[in-house]
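Here is the structure we will look at, set down as structure tokens.
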Amino acid sequence: MSADPTCIFCKIVAGAIPCFKLHEDDETIAFMDINPGNDGHALAIPKAHHPDLFSLPPPLAAAVARTAQRVAIAVQKALKPDGINLVQANGKGAEQSVFHFHLHVLPRRVGDQLKLNWGHRAGDMARIKANFEKIKAAM
Ligand code: 5GP
Ligand code: ZN
């Protein structure tokens, strides 16, 4: 499987960096975002290193979409947000900051005014863990 030793998400896949892991299968993992735009913000990624949508093999796009759907259903059940955006950035102009393909599962609240580029503010680890435990229990 292709991996990039300098890539933070490849390190998460390899277990070299910890994460709150919601799901794992042969092709994908899902875990909590460390700088959540909103409570319950999670990421679905392929295990193999592909920088963006343009380089991602279509069967892996399908696998990541399946994982994101599974996570979104659990987030909806566990946290009952008013909505969920699936967001995915490709390239600097789209404000992609990690160049290993990922699909954001981003819970929304009515009136939260969250922008498409919501900015990265360090999350409260205890709060991320509490949301992780609720979503994991709903998976
Ligand atoms: P992008 O800006 O590329 O669309 O999204 C990258 C996402 O990865 C950001 O939301 C950021 O918070 C998240 N992220 C970056 N580094 C880490 C990390 O080490 N662990 C986790 N769990 N998320 C990360
Ligand atoms: Zn990678």
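Compute the long axis of helix 58-79 from its Cα atoms, compare it with the longest principal axis of the Cα atoms of the chain, and write down the angle in degrees, 0 to 90, nearest 10. For 58-79 against the chain, the angle is about 20 degrees.
Calculated on the Cα set of the range 66-132, radius of gyration then Dmax: 12.9, 34 Å.
Can you sort Asp33, Asp26 by how many other beta carbons sit within 10 Å, fewest first? Numbers along the way, then the final one.
Numbers: Asp33 20, Asp26 7.
Ranked by crowding around the Cβ, least crowded first: Asp26, Asp33.
By the Cβ distance rule of under 4.7 Å, the chain has these cysteines without a partner: Cys19. Sites listed here are chymotrypsin sites (Phe, Trp or Tyr not before Pro) in the range 1-81 whose DSSP assignment is loop and whose Cβ has at most 13 other Cβ atoms within 10 Å: Phe54.
Restricting everything to alpha-carbon atoms, can you work out Rg to Rh for the range 8-138 with a Kirkwood hydrodynamic radius?
Working: Rg = 13.7 Å, Rh = 14.8 Å.
Answer for the range 8-138: 0.93.
Pairs of alpha-carbon atoms within less than 8 angstrom and 6+ residues apart define the contacts here; what relative contact order does the range 8-138 have, in percent? Reported as a whole number, the value is 32 percent.
The orientation-averaged projected area of the convex hull spanned by the Cα atoms of the range 8-84 comes to 5.3 nm². Computed from point charges on the beta carbon alone (+1 for Lys and Arg, -1 for Asp and Glu), the dipole magnitude for the chain about its Cα centre is near 380 Debye. Taking 18 Å as the straight-line reach from the Cα of Lys21, the lysines in range (excluding those fewer than 8 positions away in the same chain) are Lys11, Lys47, Lys77, Lys129, Lys134, Lys136.
The numbers here are math on the coordinates, done by the rules we state, and not lab data. These numbers come from a predicted model, not from an experiment. In this analysis, Cβ positions are derived from the backbone assuming ideal geometry, glycine residues included, and neighbour counts consider all displayed protein chains.
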